[in-house]
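Notes to accompany the following structure.
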Amino acid sequence: MCGLAGFLGEPVAGGGQRALLDRMIGRLQHRGPDGFGFHVEPGVGLAHARLSIIDLATGEQPIRNADGSTWTVFNGEIFNYVELRAELEAQGHRFYTQSDTEVIVHLYDRHGDAFVERLNGQFAIVVWDRRRRRLVLARDRVGIRPLFHRRSGGTFWFASEMKALFAAGAGQPGLAPAALAQALTFWGTLDPDTVFESVHSLPPGHLLSIEADGREHLRRWWDWDFDAATGAGARWRGRDRDRAVAELRELLVDAVRLQLRADVPVGAYLSGGLDSSGLVALARRFSDAPVRTFSVAFADAEFDERAHQQAMVAHLGCAHTTLEVDRAAIGAAFPRLVWHTETPVLRTAAVPLMLLSAAVRAAGYKVVLTGEGADEVFGGYDLFKEAKVRRFWARQRDSRWRPRLLERLYGYLANSPVRSPAFAQAFFGQGLEHLHRPVFAHVPRWTTSARALAFLSPQARAACADFDPLALVEARLPARAGNWPPLAQDQYVEAHTLLSGYLLWSQGDRVAMANSVEGRVPYLDHRVIEFANALPAHWKLRGLTEKDILRRALADLLPPDIAARPKQPYRAPDAASFFVDGRPLDYVADLMSADRLRATGLFEPAAVGRLFDKARAGRVTGFADNQAFVGVLSTMLVDHLFVRGGGLP
């Protein structure tokens, strides 16, 4: 796990190239505090900041092949590198390190661009092919590790974080209103877009090559595919579900086994829910590696899950650390969160995870397992259950009892949208006309999030007047998606919006790497995803019971109340975190002032002022207003930190 940066072209003359790389990689020291490495030759520069986890002694990057014709810098882990190395050595390849990185150059030499298909891992990779004078960028299947690029002044720049691109001095970044509309609706931008003009994210499961003549080729080498699930799980028709449960268990055991590979101790996050508890239980039963666990708890009882966390700690006998976070800590750390995420966010939930990663690092750990991905892979979110009820309701729209099924959801919310049947019918009735569209399930969420767009200034609204969230997402769906079962469509959209654009970005890689900690996500092992995608939908979402097959696979490892516990999304206090007894934090008062809002030209000061007064009075309680407040504030921080070059408040 590390940071990388570099360029293709001739950005400066002579020895200035190394100084430029120093500036770029210096911005990423939090990703790799254990040392820097460089490779510079005419027309190309590679830089690497190392977080040493595998091959502590000889794993420094950049790494080359035997004759120096292929070089790589790499961020992440190749979990099956032991098996790949043995295969390559049998074919005559010779290695000079014990690192997972070195398999990349040998696989590239043997398989060309198809090398990525052999990798089980989470990675952003840059390969320099000196013989062919071509640069190759590749990103893991689901977007666990970031990789950004930008063209400026005839030079192609790349880096693990956008701040390293800006450090190259390739022009001051500006915010793109149309991409900002995406972030404020989908909780993140859709790859390859970012909120900054001319800066692009390499999409998950894609490979980009820049040839010697300057031509660029972008191709998708992997994607979520539910074709095998068409027709209610054709692959499994007539087969025993118990056999599928056993196969899933074997896959999960192997995914955890591989992701425990490290030359440093491995810890785990423990939320008290099914997903993280299951991973820790698997690690304890099927590995000799001791597992140290870490949890976030909240002073606000509404968000606190420590009772469930402690039940799992007692069950597993783990050494455990609980970090209690209050509103004051969230408000104080929020600017640092935005510095690391480099994008507007609509929730504060990432802040406690950033603080937790600091506690992990202070305890002497560089690696943690997390339960991220299980909900996307096995149908765990309330959104999937909502959609199932709404599809049932839409077949008889005048029914009064069908929408009452929604009352079985959101029991964990103090201000539940289903507490009032009339409100629930009005809210979840939105978008029923989109029943047959693949984005149907997501209409209520995006409608709630898009409340933030109402605060845009007239000029910003005009700049994104053509923004149509449903059409924008559907234009990026594969043609075959129309043939998939409804749950498969819902899962695909979720994986390509919230998962890659927010959870793995703002709530995943960035908050862990802010404190030089690597998060690993066994549920996103591609073998687990491909297995789950071929299952009948009702084996994942049985009635309104989410992740049914995963529960069965983990049942004997967990206490019954944890194995049967309904999904409770991880949340944190939002707008309330920025006020103390009705007084805003100093940086909040400054950034949300009419003068600062006017200066950016992004938001309408009078409208934001009314929202601000509502939040100060403690009357922001619903999702829409909370997300709008956090979205406006975080956008103002992005403008302050990156566009105007201000320091952390």
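The residues in region 62-79 that are over 25 Å from the mean Cα position of the chain (by Cα) and farther than 12 Å from ILE125 by Cα can be counted, and the count is 7. Every listed requirement among (1) buried (at least 24 other Cβ atoms within 10 Å of the Cβ); (2) free of Cβ contacts under 8 Å to residues at least 40 places away in the same chain is met by ALA512 save one, (2). Residue count for region 28-44 satisfying the condition of being more than 28 Å from the chain's Cα centre (by Cα) and within 24 Å of TRP505 (Cβ to Cβ): 0. Contact map, region 38-59: residues that are part of a strand (DSSP E or B) paired with residues that are modelled with pLDDT of 80 or more and of a type in the set (Lys, Arg), Cβ distance under 7 Å, separation 6+ or inter-chain. Pairs shown: PHE38/ARG18; VAL40/ARG18; ALA49/ARG31. May I ask you to verify whether ALA5 is small (Gly, Ala, Ser) and either free of Cβ contacts under 8 Å to residues at least 40 places away in the same chain or touching a Pro at 6+ places or on another chain (Cβ under 8 Å) (or both)? In short, no. Scanning region 87-120 for residues that are closer than 20 Å to ALA49 by Cα, acidic (Asp, Glu) and in a helix (DSSP H, G or I) yields a single hit, GLU102.
Show me the helices (runs of 4 or more DSSP H) entirely contained within region 247-343 in which 3 or more residues are on the phi < 0 side of the Ramachandran plot and at pLDDT below 95. Explain how you work it out, then say what you get.
Numbers: elements: 274-286, 306-316, 327-341.
Here the list reads 274-286, 306-316.
I need the helices (runs of 4 or more DSSP H) fully contained in region 434-501, keeping only those with at least 2 residues that are under 20 Å from ILE529 (Cα atoms) and touching a residue at least 40 places away in the same chain (Cβ under 8 Å).
486-494
Tallying residues that are outside any helix (DSSP H, G or I) and surrounded by 19 or more Cβ atoms within 10 Å (Cβ to Cβ) within region 614-649 yields 1.
Go through region 589-648 and give me each residue that's charged (D, E, K, R), in contact (Cβ under 8 Å) with a residue 40 or more places away in the chain and touching a Phe, Trp or Tyr at 6+ places or on another chain (Cβ under 8 Å). Steps first, please.
The initial filter retains those residues of region 589-648 that are charged (D, E, K, R), namely 590, 595-596, 598, 604, 610, 613-614, 616, 619, 625, 639, 644.
Those left that are additionally in contact (Cβ under 8 Å) with a residue 40 or more places away in the chain: 590, 596, 604, 625, 639.
Correct list: GLU604 only.
In region 547-570, which residues are basic (Lys, Arg) and assigned to a helix (DSSP H, G or I)? Listed by number, the residues that qualify are ARG551, ARG552.
If you go through region 525-546 and keep only what is in a loop (DSSP other than H, G, I, E, B) and in contact (Cβ under 8 Å) with a residue 12 or more places away in the chain, you end up with ASP525, ALA534, LEU535, PRO536, LEU541, LEU544, GLU546. Restricting attention to region 376-398 and to residues that are under 23 Å from LEU504 (Cβ atoms) and not charged (D, E, K, R), the residue that is modelled with the lowest pLDDT turns out to be ALA387. If the condition is being part of a loop (DSSP other than H, G, I, E, B), in contact with a helix residue (DSSP H, G or I) (Cβ under 9 Å, 6 or more places away or on another chain) and among the small types (Gly, Ala, Ser), then region 176-204 contributes ALA176, GLY188.
A quick yes/no check of all residues on (1) over 25 Å from VAL264 (Cα atoms); (2) in contact with an Asp or Glu (Cβ under 8 Å, 6 or more places away or on another chain); (3) charged (D, E, K, R):
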| site | (1), (2), (3) |
| --- | --- |
| ASP490 | yes, no, yes |
| TRP505 | no, no, no |
| ASP509 | no, no, yes |
| ALA514 | no, no, no |
| VAL521 | no, yes, no |
| PHE531 | yes, yes, no |
| ALA534 | yes, no, no |
| LEU554 | yes, no, no |
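Condition check for PRO573 on (1) closer than 20 Å to VAL345 by Cβ; (2) within 27 Å of the chain's Cα centre (by Cα); (3) assigned to a helix (DSSP H, G or I): one failure, at (3). The conditions of being surrounded by 24 or more Cβ atoms within 10 Å (Cβ to Cβ) and under 26 Å from PRO522 (Cα atoms) are met by ASP100.
Counting only residues that are modelled with pLDDT of 95 or more and not hydrophobic (A, V, I, L, M, F, W, C), which one in region 543-567 is nearest to ASP242 (Cα to Cα)? It comes out as ARG552. Looking across region 198-219, just one residue is at pLDDT below 95 and either within 24 Å of GLU342 (Cα to Cα) or surrounded by 22 or more Cβ atoms within 10 Å (Cβ to Cβ) (or both), and that is SER198. When residues in region 71-86 are screened for being outside any strand (DSSP E or B) and surrounded by 16 or more Cβ atoms within 10 Å (Cβ to Cβ), 5 of them pass.
The values are calculated or read from the model by the stated rules, or taken from the named source; none is laboratory data. Being a predicted model, the structure only gives us computed values, none of them experimental. Counting neighbours? That spans all protein chains shown, and the Cβs are built from the backbone with ideal geometry, glycine included.
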